[in-house]
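A.B. asks: I have a structure I would like to understand better, so I am pasting it below and will then ask my questions one at a time.
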Amino acid sequence: MGNWVENEGLSIFVVLVWLGLNVFLFWWYYLVYDVPPKFFYTRVLLGRALALARAPAACLNFNCMLILLPVCRNLLSFLRGSSACCSTRIRRQLDRNLTFHKMVAWMIALHTAIHTIAHLFNVEWSVQARVEEKGTLAAVLSGLGDKPKESYVNFFRQTIANPVGGLYVAFTYLAGITGVVITLALILIITSSTKTIRRSYFEVFWYTHHLFVIFFIGLVIHGAGRIVRGQTAESLAEHNPEICYKNFSHWGKTEACPIPQFSGNPPMTWKWVVGPMFLYLCERLVRFWRSQQKVVITKVVIHPFKTIELQMMKKGFKMEVGQYVFVQCPAVSRLEWHPFTLTSAPEEDYFSIHVRIVGDWTEGLFNACGCDKQEFQEAWKLPKIAVDGPFGTASEDVFSYETVMLVGAGIGVTPFASVLKSVWYKYCHDATNLKLKKIYFYWLCRDTHAFEWFADLLQSLEAQMQERNNADFLSYNIYLTGWDETQATHFVVHHEEEKDVITGLKQKTLYGRPNWENEFKTIAEKHPGSRIGVFLCGPEGLADTLSKQSISNSEADPRGVHFIFNKENF
């Protein structure tokens, strides 16, 4: 149970608190508009749709307050690096920032749908009340405001029947126009944020996501028209709606029931979102300032598997293992920024990224760096690069454990390149203060080309550990997942040779996928009573598997073995 709490519990606690606040706000504001006499006459016109529109509006304010915070990367990196206010468990929750961002976005979509549907009924009934035959309470209420010294409760002042009246509200009233605009913006943002669009058409995702600026502007001014109106406190003192509604034909003729007076609700959304909007503005200013600092590309290396390595230098740049940066190349696009994990070690005098060529932007970067040409490219011809970062990730905590499992899939091995390089440098100098005593490294790739650019580093580490009589420090397993037994038969013949025929390493390449249950059980037996960090940079399916194995193979006894699962998330 203890490890379940460490792997999932705090995250579930955060989610439950967030959901609880949403439920509380919905119920509270539903009662605010459905019970008090202030909105008695408004409910006569609109019924329960009034409360059903206002309750999700409160939840929208709350979630729109939260939506920007998980993408304030500099703020999160500051909190993550501050040991005074950020424990290991809290840092692990900060690493789930994008997961929380997506959850909040879906909650915004849900409440937007409820709010919109409820207001469609409100508009229809408000328009209908204006053209309704006289003699009813709804007609009398809708007629208030037509005469001097009267204030209206029905915001629709024209006498146009539906459906034209409803369209008139949607496209001439401030609340209607902004409502249509922010709803369309939200639909485009969410539909372009699906995994398929992000991976195959990143530019579409990138550009449509910036509609959030229009969304927030529309959100802030949406309530400025004050179309939701309630009876004033002064009027309530003179006119009790629960008594006077029965004698609506005598309003203003008797002292007990004067004509009721109404006022609109002041806009409240800005009070919820002004703080996060200011923080996000500061975030963007910091990003802009850092992006203007000069970056020099010192070397471009073409690796197999459609991968290039950019080695760069920037004044004052400091990094930790496993961190990532955002990169912009104006020669390709002046607006697009793409995240890449740093593959260099903090001990090196440069920082590097590995870029796999999989889309239009990476193809453009490939060509801009002259990688499509056969001749040598002069340094002065290399494109200008802007870099924002570095930003913290879960991999920073690798050196906080004595034993770790590092799992990379394909190009997902990049954060662990930084970790393994840093380990190599530490062993070259002095490893006596290194808390980390054992690394289990797993690399899963579909074909052989992916191994080639990373094999040199593993060979260096292999040799370094043997020189220092510590060959057991690093245990690595390389899996070729895209081959079946028939394709692997030729290489199995060479299994007895000293070095692997594919990677050149002493550790032989394995075919198929790991049996994770066996791997976890074996490691648990070798390290009883340990806290073992499990770090993954790979697909969601593999993340689910490793998370479940981390929980199921941890002991209930606090003194037993515990696997702590961490996933790269940017």
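A.B. asks: Please count how many residues of the range 304-349 are assigned to a strand (DSSP E or B) and over 23 Å from D360 (Cα atoms).
C.D. replies: The qualifying residues number 2.
A.B. asks: I've got another one for you. Within the range 245-262, can you find the residues that are among the hydroxyl-bearing types (S, T, Y) and either open to solvent by less than 50 Å² (accessible area, probe 1.4 Å) or part of a helix (DSSP H, G or I) (or both)? I'd like the intermediate steps shown before the answer.
C.D. replies: At the first step, the residues of the range 245-262 found to be among the hydroxyl-bearing types (S, T, Y) are 245, 249, 254.
Across the range 245-262, the qualifying residues are Y245, S249.
A.B. asks: In the range 27-50, how many residues are without any contact (Cβ under 8 Å) to a residue 12 or more places away in the chain and under 17 Å from F248 (Cβ atoms)?
C.D. replies: 1
A.B. asks: Show me the helices (runs of 4 or more DSSP H) entirely contained within the range 130-191 in which 2 or more residues are within 21 Å of H111 (Cβ to Cβ) and not assigned by the TED database to the domain that holds E234. Let's see the steps before the verdict.
C.D. replies: Numbers: elements: 137-143, 164-172, 174-191.
Helices (runs of 4 or more DSSP H) meeting the threshold: 174-191.
A.B. asks: For the range 222-244: of the residues being surrounded by fewer than 17 Cβ atoms within 10 Å (Cβ to Cβ) and not in a loop (DSSP other than H, G, I, E, B), which is nearest to the chain's Cα centre (by Cα)?
C.D. replies: From the range 222-244, those surrounded by fewer than 17 Cβ atoms within 10 Å (Cβ to Cβ) are 224-226, 232-234, 237-238, 240, 242-243; that's our starting set.
From what is left, the residues that are not in a loop (DSSP other than H, G, I, E, B) are 224-225, 233-234, 237-238, 242-243.
Numbers: A224: 30, G225: 33, A233: 44, E234: 47, A237: 49, E238: 52, E242: 48, I243: 52 Å.
Looking at residues that are surrounded by fewer than 17 Cβ atoms within 10 Å (Cβ to Cβ) and not in a loop (DSSP other than H, G, I, E, B), I get A224.
A.B. asks: Let me ask something else about it. Return the residue satisfying two criteria in turn: it lies in the range 170-202 and is polar (S, T, N, Q) and under 15 Å from G218 (Cα atoms), and of such residues it is least open to solvent (accessible area, probe 1.4 Å).
C.D. replies: That would be T178.
A quick yes/no check of all residues on (1) assigned by the TED database to the domain that holds V561; (2) in contact (Cβ under 8 Å) with a residue 40 or more places away in the chain; (3) over 28 Å from N433 (Cα atoms):
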position: P304; (1), (2), (3): no, yes, yes
position: V325; (1), (2), (3): no, yes, yes
position: E336; (1), (2), (3): no, yes, yes
position: P339; (1), (2), (3): no, yes, yes
position: A345; (1), (2), (3): no, yes, no
position: T362; (1), (2), (3): no, no, yes
position: F366; (1), (2), (3): no, yes, yes
position: Y401; (1), (2), (3): yes, yes, no
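A.B. asks: Can I ask one more? Can you tell me how many residues within the range 53-84 are of a type outside the set (K, R) and closer than 20 Å to L141 by Cβ?
C.D. replies: Taking the range 53-84 first, the residues of a type outside the set (K, R) are 53, 55-72, 74-79, 81-84.
Imposing the further condition that a residue be closer than 20 Å to L141 by Cβ reduces the set to 53.
Summing the residues that are of a type outside the set (K, R) and closer than 20 Å to L141 by Cβ in the range 53-84 gives 1.
A.B. asks: Still on this structure: Output the number of residues of the range 515-546 satisfying the condition of being open to solvent by 10 Å² or more (accessible area, probe 1.4 Å) and under 23 Å from K437 (Cα atoms). Show your work before the answer.
C.D. replies: Step one: filter the range 515-546 for residues open to solvent by 10 Å² or more (accessible area, probe 1.4 Å), giving 515-519, 521-522, 524-531, 537-542, 544-545.
Among the residues that remain, those that are also under 23 Å from K437 (Cα atoms) are: 516-519, 521-522, 524-531, 537.
Counting residues in the range 515-546 that are open to solvent by 10 Å² or more (accessible area, probe 1.4 Å) and under 23 Å from K437 (Cα atoms) gives 15.
The values are calculated or read from the model by the stated rules, or taken from the named source; none is laboratory data. All figures in this text were calculated on a predicted structure; none of them were measured in a lab. Using ideal geometry, Cβ is built from the backbone for each residue, glycine included, and neighbour counts are taken over all protein chains shown. Protein only, heavy atoms only, side chains kept; ligands, DNA and RNA dropped before computing areas. Shrake-Rupley method; radii C 1.70, N 1.55, O 1.52, S 1.80 Å.
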